[in-house]
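Asks: Okay, here's the structure, questions in a sec.
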Amino acid sequence: MRLLFRNLEITFRAIKEDYRLGMKLDPSVKSGLDISLFSPSFHGLMLYRFSHFFWMSNMKFVAMSFRYLNRVIYRMDIHPAAEIECGIFIDHGIGVVIGETTFIGRGTLIYHGVTLGTARVMNGKRHPTVGRNVVIGANAVVLGPVTIGNGSKIGANAVVLEDVPPFATAVGNPAKIIEKKVTMREFDFSDRKDPDCELKNDESNLVKVGKDESSR
C-alpha cells in the first residue's frame, strides 16, 4: 500500500512538472488556465501519466483503457509501459506514437506526428532511448533501440535509424548528422534515472527500459 501511494505521489509530481514545462515552452499559452483547460497535448500526457501509474500498479486493464481513451480523444498513442521522466512537453500532440520500451528524459520537447517506434518485430528493448533536453521536430520518425543523445535535435520529417550523439542535429531520410556542439559532458545513460520520478513495481517480468531483456 505504501508503494501505491508513493507511485501516486510521483504521478502527480510528474504532471506538475509537465505543466511547468508547458508553460515555459509554449508561447501560445497566456495563463495557467490555457494549459489546464485547453491544451490537448497536456491532457493527453496526463492520461499517459495515469495509465503508467495503473500499469506499474499491475492494473493492466485500467492502464490500457486510459491508453485507448488517449487515442480516441487526443489522437496520442502512448504505451503505458513507456518510461517518461517528469517534465516533458508534447506540442499539439496529434499523431504522436510512443512505443512500449521507449525511455524519454526530462526537458524533452516533442512536436506533433512524432513516432518513437520499432524497426522490426522482436522481444526486449526495441524502441528508442531519448536523452534529456532533446527536441524532436514534427513528423519525425525514430525507429528501433537507438539512443538519442542528451541535448540533441531531430529535424522535422527526419527518419532516424542510428544513434544520434549528444548535442548533435540530425536531419533527412535517413537522418544524417549535420552539426555537433559539445557544451558539457556527454550524457551517461547508465545513471540517467531520476529516483524522485520513477515508479516502482515488484514484478520481475516488466519491461526495464534501457536494458535489453532479450540478452538475458
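Asks: With a 1.4 Å probe and all protein chains left in place, how much of the accessible area of the range 1-152 comes from carbon and sulfur atoms, in whole percent? Mind dumping the intermediate values first?
Replies: Numbers: 4110 of 6600 Å².
Using a 1.4 Å probe with all protein chains present, the range 1-152 comes out at 62 percent carbon and sulfur.
Asks: Quick check for you: with a 1.4 Å probe and neighbouring chains kept, what is the accessible area per residue of the range 18-159, in Å²?
Replies: Details: 5690 Å² over 142 residues.
Using a 1.4 Å probe on heavy atoms only, each residue of the range 18-159 averages 40 Å².
Asks: Moving to a separate point now. Once each part is reduced to its C-alpha centroid, what is the distance from the range 157-176 to the range 70-130 in angstrom?
Replies: Computed from Cα coordinates, the inter-centre distance equals 17 Å.
Asks: Rounded to the nearest 20 debye, what is the charge dipole size of the range 1-80 about its Cα centre when +1 sits on each Lys and Arg Cβ and -1 on each Asp and Glu Cβ? Display every interim value, and only then the final one.
Replies: Details: 12 positive and 6 negative charges, 38 e Å.
So the magnitude is around 180 debye.
Asks: Just want the answer: with Cβ charges of +1 for Lys and Arg and -1 for Asp and Glu, which residue in 145, 50, 90 is farthest toward the dipole's positive end in the range 43-167?
Replies: Toward the positive end, the furthest listed residue is 50.
Asks: How much net charge surrounds residue 146 when only the other residues with a Cβ under 10 Å from the Cβ of residue 146 are counted, with Lys and Arg +1 and Asp and Glu -1? Could you put the intermediate results ahead of the total?
Replies: Numbers: positive: none; negative: 162, 163.
Cβ neighbours under 10 Å give a net charge of -2.
Asks: While we're on this one: Provide, for the range 50-183, the number of lysine pairs with alpha carbons under 30 Å apart, each pair being eight or more places apart or on different chains. All intermediate terms of the calculation are to be shown ahead of the outcome.
Replies: Working: 60/125; 125/153; 125/176; 125/180; 125/181; 153/176; 153/180; 153/181.
Pairs that pass both the separation and distance tests number 8.
Asks: Let me ask something else about it. How large is the translational diffusion coefficient of the range 15-167 in µm² per second when you combine the Kirkwood radius over alpha carbon pairs with Stokes-Einstein at 25 °C and 0.890 mPa s? Spell out each step's value before the answer.
Replies: On the way: Rh = 15.2 Å.
My calculation gives 161 µm²/s for D.
Asks: Mark the label point 7 Å from the Cα of residue 3 along Cα→Cβ and return the residues of the range 50-71 whose backbone N is within less than 11 Å of it.
Replies: Backbone N within reach: 56-58.
The values are calculated or read from the model by the stated rules, or taken from the named source; none is laboratory data. Every value quoted in this text rests on a predicted model; they were computed, and no experiment measured them. As a convention, Cβ positions derive from the backbone with ideal geometry for all residues, glycine included, and neighbour counts pool all protein chains shown. What goes into the accessible areas is simple: the full protein's heavy atoms, side chains included, and nothing from ligands, DNA or RNA. Shrake-Rupley method; radii C 1.70, N 1.55, O 1.52, S 1.80 Å.
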